Amino acid sequence: MREPPPKVREALMKIVLASGSPRRRELLAAAGVEFEVRPSPAEEIHDAGMAPAELCETNAELKARGVEVAGAAVIGADTLVFLEDEPLGKPADLDEARATLRRLSGRVHTVCTGVCVVAPDGTAHPFHELTEVRFRPFGEEVIDAYFAKVDPLDKAGAYGIQEHGEMLVESIDGSFDNVMGLPVARLLEVLGACGVDGRSLE
Ligand SMILES: Cc1cn([C@H]2C[C@H](O)[C@@H](COP(=O)(O)OP(=O)(O)OP(=O)(O)O)O2)c(=O)[nH]c1=O
């Protein structure tokens, strides 16, 4: 049988999202990409000595390399919130979530999402995107009302911009998708550069 033309071979390349995050799944699906989900067993590192961007990219690569699927391009991602370069991860409990929101109130913080595509040949293609988020000044009543609507525990920075974000967020400078956990426009470019056009599977 004849080899399929290169374009068809590209289209057949599998894409695996190495993430258990429902937000990442939603964002990638909304971009029209066909992919399989395999949450990564990789442990994130929390090295306070590392610069934010380097930390996000390192974790994204660890997550992607934690899932191996022959012939597939594997995507890992890591979202961290930084307040003046101090990383704020997912809160351990509601008290910590409350303390985090108190600190973010009335201030600007940075959301960094690192992404890494590991191509079928094993090469890593990491990048990151930064979005600045300005929070409204708010008090305990707003935090109470917010927690009545949103579970902050599985989210970096104890909030989800996509879930009643308007209660907390005054403005953003950068991509909304990036705050939610996956900078999709840039990811599609990087997948394309790796020879994968996920959207051609539609
Ligand atoms: C700041 C912010 C974070 N988040 C979420 C995105 C990520 O899911 C989470 C950050 O945690 P991550 O460790 O980046 O991801 P995860 O553990 O949820 O999923 P996985 O490691 O399997 O990919 O916080 C929001 O949903 N909205 C927001 O506004």
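Only the coordinates and a few stated rules stand behind these numbers; no lab work does. Every value quoted in this text rests on a predicted model; they were computed, and no experiment measured them. Note: ideal-geometry Cβ built from the backbone for every residue, glycine included; neighbour counts use all protein chains shown.
Structure values in brief
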{"quantity": "Long-range amide H partners of His125 with built H, under 5 Å", "calculated": "Val117, Val118, Ala119"}
{"quantity": "Gain on full stretching of the segment that runs from Arg107 to Glu189 - 0.36 nm per residue minus C-alpha separation", "calculated": "26.3 nm"}
{"quantity": "Angle between the chain longest axis and helix 140-149 axis [Cα atoms, degrees, rounded to 10]", "calculated": "40"}
{"quantity": "0 to 90° range, to nearest 10: angle between helix 94-104 axis and the chain longest Cα axis", "calculated": "80"}
{"quantity": "Folded to 0 to 90 degrees: helix 52-65 orientation relative to the chain principal axis, Cα", "calculated": "40"}
{"quantity": "Segment Ala145-Glu132, length gained on full extension (0.36 nm per residue, minus Cα span)", "calculated": "2.3 nm"}
{"quantity": "Per-pair calculated FRET efficiency, R0 = 41 Å: Glu84 and Arg25 via Cβ, rounded to 0.05", "calculated": "0.85"}
{"quantity": "Potential extension, Met167-Glu34 segment - 0.36 nm per residue separation minus Cα distance", "calculated": "44.5 nm"}
{"quantity": "Cα→Cβ-extended label distance, 7 Å offset, between Val69 and Asp154, nm", "calculated": "2.0"}
{"quantity": "Cα-based Rg / Dmax (Å) for the chain", "calculated": "18.0, 69"}
{"quantity": "When each of Lys63/Lys90; Lys63/Lys149; Lys14/Lys90 is checked by Cα-Cα distance, pairs over 25 Å", "calculated": "Lys63/Lys149; Lys14/Lys90"}
{"quantity": "Residues His164, His46, sorted so that the one with the fewest Cβ neighbours within 10 Å comes first", "calculated": "His46, His164"}
{"quantity": "Candidates Val169, Val118, Val142: whichever shows maximal mean-square fluctuation once the chain is modelled as a Gaussian network with Cα springs under 10 Å", "calculated": "Val142"}
